[in-house]
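Chemist: Let me begin by handing over the structure; questions about it come next.
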Amino acid sequence: MRICGAGTVVYESLWSILGGIHKRILMLLKCLAAISSSYTTTSNSLSVFVSSSLSSPSKTKFLPSLSRFSVKRSCLLSQTRPSIAVSRPSMNLLNRLGFGSSRAPENMDSSIPQGPDDDIPAPGQQFAQFGAGCFWGVELAFQRVPGVTKTEVGYTQGLVHNPAYEDVCSGTTNHSEVVRVQYDPKNCSYESLLDLFWARHDPTTLNRQGNDVGSQYRSGIYYYTAEQEKAARESLEQQQKQLNRKIVTEILPAKKFYRAEEYHQQYLEKGGRFGFRQSSAKGCNDPIRCYG
């Protein structure tokens with residue numbers, strides 16, 4: 001009887017302790033969920049900072065805010081600086097479990113981002129849209145083309161309306177980093193833009209350019225007219241004849257273009273990571289340092 005009584009007391013004590021731990025875990029999750037929105041970016045940034053400190057040299061995309069980091073590819077052109085391999089930000093675990101703030105309902109309406117790009121170029125101008133990995137270096141290359149009158153970097157082909165950079169980096173929205181080029185067809189042919197597009201990246205790597213891995217870095221030509229589509233497909237056929245690996249470039253109609261955050265625009269011309277401005281002068285042939 002004494003053994004049985006002692007066993008009952010131990011059992012009840014353990015059950016009481018486990019019940020207390022369970023309550024504390026629930027309280028902790030509620031607290032974390034309440035502060036997850038404000039702490040998510042900081043925790044991701046610190047994680048990236050630690051991993052980059054331990055990794056071998058490669059390229060890093062440093063942004064003005066500590067909260068934004070991502071992998072950025074090595075240039076196909078000559079490089080002058082070592083690089084640091086960094087993982088793109090991961091999705092917040094608490095949000096995956098259903099805690100934290102949720103996206104506004106209208107942002108989840110995929111019919112908006114899947115609609116056509118209805119922006120209008122300047123009179124006498126035309127739009128072209130290309131995805132070739134990190135949009136910083138690609139934009140500077142197009143800025144230098146005579147006849148190109150304007151360039152913008154942004155996101156397109158995704159499923160979420162009005163995405164932020166962090167949304168695109170999460171790998172869940174299917175957006176592609178692109179450069180939208182406005183050009184004067186009298187001074188710049190679409191075919192010349194295609195030639196530059198092929199020269200700026202490796203079109204045979206799926207969802208990857210160098211160390212940059214993710215669907216946002218995929219190769220893509222997004223056309224505005226039937227003439228552009230025809231030229232793009234003929235150009236791809238010609239390029240394929242010169243390569244011994246299959247080209248994975250997608251050729252699709254241009255969809256709604258979401259302009260990226262202002263600090264991304266003309267990033268390398270402004271100074272890039274190290275504050276060393278790179279020339280966007282027409283015809284400039286200086287090697288492009290992809291991260292500044």
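The values are calculated or read from the model by the stated rules, or taken from the named source; none is laboratory data. Being a predicted model, the structure only gives us computed values, none of them experimental. Cβ atoms come from the backbone with ideal geometry, glycine included; neighbour counts cover every protein chain shown.
Chemist: From Asp184, Asp202, grab the single residue that is more than 16 Å from Asp117 (Cβ to Cβ), of a type in the set (D, E, K, R), modelled with pLDDT of 95 or more and in contact with a Gly (Cβ under 6 Å, 6 or more places away or on another chain).
Modeler: Working: Asp202 fails: in contact with a Gly (Cβ under 6 Å, 6 or more places away or on another chain).
Within the list Asp184, Asp202, the selection yields Asp184.
Chemist: Still on this structure, I have one more. Counting just the residues of the range 110-127 that are small (Gly, Ala, Ser) and closer than 28 Å to Pro185 by Cβ, which one comes out surrounded by the fewest Cβ atoms within 10 Å (Cβ to Cβ)?
Modeler: Quick first cut of the range 110-127, residues small (Gly, Ala, Ser) only: 110-111, 115, 122, 124.
In the following step, the residues that additionally are closer than 28 Å to Pro185 by Cβ were identified as 115, 122, 124.
Working: Gly115: 11, Ala122: 11, Gly124: 9.
So, considering only residues that are small (Gly, Ala, Ser) and closer than 28 Å to Pro185 by Cβ, the one surrounded by the fewest Cβ atoms within 10 Å (Cβ to Cβ) is Gly124.
Chemist: Which of (1) under 16 Å from the mean Cα position of the chain (by Cα); (2) in a strand (DSSP E or B); (3) not β-branched (Val, Ile, Thr) does Tyr222 not meet, given it meets every other one?
Modeler: All conditions pass for Tyr222, except number (1).
Chemist: Which count do you get for residues in the range 252-292 that are outside any loop (DSSP other than H, G, I, E, B) and either over 22 Å from Asp167 (Cα atoms) or not basic (Lys, Arg) (or both)?
Modeler: Keep residues of the range 252-292 that are outside any loop (DSSP other than H, G, I, E, B), which gives 252-253, 255, 258-259, 262-264, 267-270.
Narrowing the set further to residues that are either over 22 Å from Asp167 (Cα atoms) or not basic (Lys, Arg) (or both) leaves 252-253, 258, 262-264, 267-270.
Selection size over the range 252-292: 10.
Chemist: Okay, moving on. Within the range 154-172, is even one residue in contact with a Lys or Arg (Cβ under 8 Å, 6 or more places away or on another chain), among the aromatic types (Phe, Trp, Tyr) and touching a residue at least 24 places away in the same chain (Cβ under 8 Å)?
Modeler: yes
Chemist: Within the range 260-292, take every residue that is surrounded by 19 or more Cβ atoms within 10 Å (Cβ to Cβ) and aromatic (Phe, Trp, Tyr) and give me the one that is farthest from Arg180 (Cα to Cα).
Modeler: Once the filter is applied, the top-ranked residue is Tyr291.
Chemist: Could you say whether any residue in the range 183-199 is of a type in the set (Gly, Ala, Ser), surrounded by fewer than 17 Cβ atoms within 10 Å (Cβ to Cβ) and free of Cβ contacts under 8 Å to residues at least 60 places away in the same chain?
Modeler: Initially, the range 183-199 is screened for residues of a type in the set (Gly, Ala, Ser), giving 189, 192, 199.
From the residues that got through so far, the ones that are surrounded by fewer than 17 Cβ atoms within 10 Å (Cβ to Cβ) too are 189, 192, 199.
Cutting the leftovers down to free of Cβ contacts under 8 Å to residues at least 60 places away in the same chain gives us 189, 192.
Yes, the conditions are met somewhere in the range 183-199.
Chemist: Where residues in the range 136-150 are of a type in the set (Val, Ile, Thr) and crowded, with 23+ Cβ neighbours inside 10 Å, which of them is farthest from the chain's Cα centre (by Cα)? Spell out the reasoning first.
Modeler: The initial filter retains those residues of the range 136-150 that are of a type in the set (Val, Ile, Thr), namely 138, 145, 148-149.
Adding the requirement that they be crowded, with 23+ Cβ neighbours inside 10 Å leaves 138, 148.
Working: Val138: 13, Val148: 24 Å.
Among those that are of a type in the set (Val, Ile, Thr) and crowded, with 23+ Cβ neighbours inside 10 Å, it is Val148.
Chemist: Ok, one more. Pull up the range 214-259, narrow it to residues that are more than 19 Å from Leu193 (Cβ to Cβ) and among the hydroxyl-bearing types (Ser, Thr, Tyr), then point me to the one that is surrounded by the most Cβ atoms within 10 Å (Cβ to Cβ). Show your work before the answer.
Modeler: Quick first cut of the range 214-259, residues more than 19 Å from Leu193 (Cβ to Cβ) only: 214-217, 241, 243-246, 248, 256, 258-259.
Cutting the leftovers down to among the hydroxyl-bearing types (Ser, Thr, Tyr) gives us 215, 217, 258.
Values: Ser215: 18, Tyr217: 27, Tyr258: 20.
Among those that are more than 19 Å from Leu193 (Cβ to Cβ) and among the hydroxyl-bearing types (Ser, Thr, Tyr), it is Tyr217.
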